[in-house]
Amino acid sequence: MLEVQNLYKVFTGSEVLNGIGFKVEKGEVVAIIGQSGSGKTTLLRCISFLEKADSGRIIFDEYENDITKVSKKEIKNLRMRMGFVFQGFNLFSNMTVFENVMEGLVTARKMNKDVAREKTMKVLDKVGMSSYADRYPGELSGGQQQRVAIARAIAPDPEVILFDEPTSALDPELTGEVLEVMKKLAKEGTTMVVVTHEMGFAREVASRVVFMDKGVVVEEGTAKEVIDNPKEERTRQFLKKAGSKFEL
């Protein structure tokens, strides 16, 4: 479905992505794990063209191109097929919850306003935030803001949703409410790529786990293979530090 090949990205002389190959199939939940600085977020940002890769190829179903030669129009079209949930929520502080979700449907997607209103309330209900529709982000907890951000991402029915450490700014209680929404989406067959440090979520929900280190994929497989029985020493060292050996 969505794939990048031989992807490179350099920041100030440091190679952040080193010829990485990555793909996600329709209906998969792929959890990307690894220590800070391993290139996980940069990978998502290059896939979604929030960062410009230095070289590589991108494939999205029938579309294939050198990632550095994708036109602005093609980037817009590809982004329309993706949703992105940021670590820091990225909600508009001067807009209500309802307006934050509806804005993209009307402005970017040119959706009829009546249809957009109905769609907005439907997705807010899905993430348990319909009763907060008239509130502003500053009146919400971090977990509630992230659930609104998820509603905004799923509202246009994207083919894949990219999550960049969606719970890292939250305390444990609020983390749980966000992960429950994500688990619900996974059960519905939503295609998701999740950069996460939540090993319990990766083990329980992910159809595939990818361990990255120093800009390359070191190991990938099922959660049982990568988290419970890693083959690579670098993976074992990371998991030991992450304290992943626990019961859900």
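Under 1.5 on a/c is rounded, so check that first for region 127-248, then, if it is not, pick prolate when a/b is larger than b/c and oblate when it is not; a ≥ b ≥ c are the square roots of the alpha carbon gyration tensor eigenvalues. Prolate, since a/c reaches 1.5 and a/b exceeds b/c.
Using a 1.4 Å probe, what is the accessible area per residue for the chain, in Å²? Before the final figure, lay out the partial values.
Details: 12050 Å² over 248 residues.
Ligands and nucleic acids excluded, the figure is 49 Å² per residue.
Remark on ASN65: its backbone amide H falls under 5 Å from those of ILE58, a criterion applied only to residues 5 or more positions apart or on other chains, H modelled at 1.01 Å from N. Expressed as a whole percent, the accessible area of region 1-60 that falls on carbon and sulfur atoms is 43 (1.4 Å probe).
Here's the picture: charge each Lys and Arg Cβ at +1 and each Asp and Glu Cβ at -1 in the chain, and of THR190, ILE20, LEU78 the one pushed furthest to the positive end of that dipole is LEU78. The protection proxy used here, the mean number of other Cβ atoms lying within 10 Å of each residue, ranks peptides 90-102, 50-62 as follows, highest first: 90-102, 50-62.
Any chance you could give the angle, 0 to 90 degrees and rounded to 10, that helix 233-242 forms with the longest Cα principal axis of the chain? It is inclined by approximately 50 degrees. Excluding GLY21 itself, what net charge comes from residues whose Cβ is under 12 Å from its Cβ, given Lys and Arg +1 and Asp and Glu -1? Here the charged neighbours net out to 0.
Maximal additional length on extending the GLN35-ASN65 stretch stands at 7.8 nm, based on 0.36 nm per residue less the C-alpha distance. Karplus-derived 3J(HN,Hα) values for region 50-55, using 6.51 cos²θ - 1.76 cosθ + 1.60 with θ = phi - 60°, are 6, 10, 8, 5, 7, 6 Hz; glycine and proline are entered as x. Summary value for region 133-248: 18 percent relative contact order, contacts being C-alpha pairs under 8 angstrom separated by 6+ residues.
The charge dipole of region 70-183, taken about its Cα centre with unit charges on the Cβ atoms of Lys, Arg (+1), Asp and Glu (-1) only, comes to about 700 debye. Distance between the C-alpha centres of region 72-127 and region 170-242: 27 Å, rounded to the whole angstrom. Less than 5 angstrom separates the built amide H of THR190 from none of the residues sequence-distant by 5 or more or on a different chain.
For helix 142-154, what angle does its Cα long axis make with the longest principal axis of the chain, in degrees from 0 to 90 and rounded to 10? Around 90 degrees separate the two axes. Within the assembled protein chains, the solvent-accessible surface assigned to TYR63 is about 40 Å², based on a 1.4 Å probe. Against the main long axis of the alpha-carbon atoms of the chain, helix 97-107 sits at an angle near 80°.
Springs between alpha-carbon atoms under 10 Å, Gaussian network over the chain: tell me which of ILE75, ILE20, ILE154 tops the mean-square fluctuations. Among ILE75, ILE20, ILE154, the largest GNM mean-square fluctuation belongs to ILE75.
Applying a DSSP loop filter and a limit of 12 other Cβ atoms within 10 Å to the trypsin sites (Lys or Arg not before Pro) in region 79-147 leaves LYS110. The charge dipole of the chain, taken about its Cα centre with unit charges on the Cβ atoms of Lys, Arg (+1), Asp and Glu (-1) only, comes to about 420 debye.
For ALA53, no residue has an amide H sitting under 5 Å from its own, ignoring neighbours fewer than 5 places away on the same chain, with H placed 1.01 Å from N.
The values are calculated or read from the model by the stated rules, or taken from the named source; none is laboratory data. The structure presented is a predicted model; accordingly, all values stated were derived computationally and were not measured. Glycine also receives a Cβ, built like all others from the backbone with ideal geometry; neighbour counts cover every protein chain displayed. The protein model used for the area step is the full one, side chains on, heavy atoms only, and it has no ligands, DNA or RNA in it. Shrake-Rupley method; radii C 1.70, N 1.55, O 1.52, S 1.80 Å.
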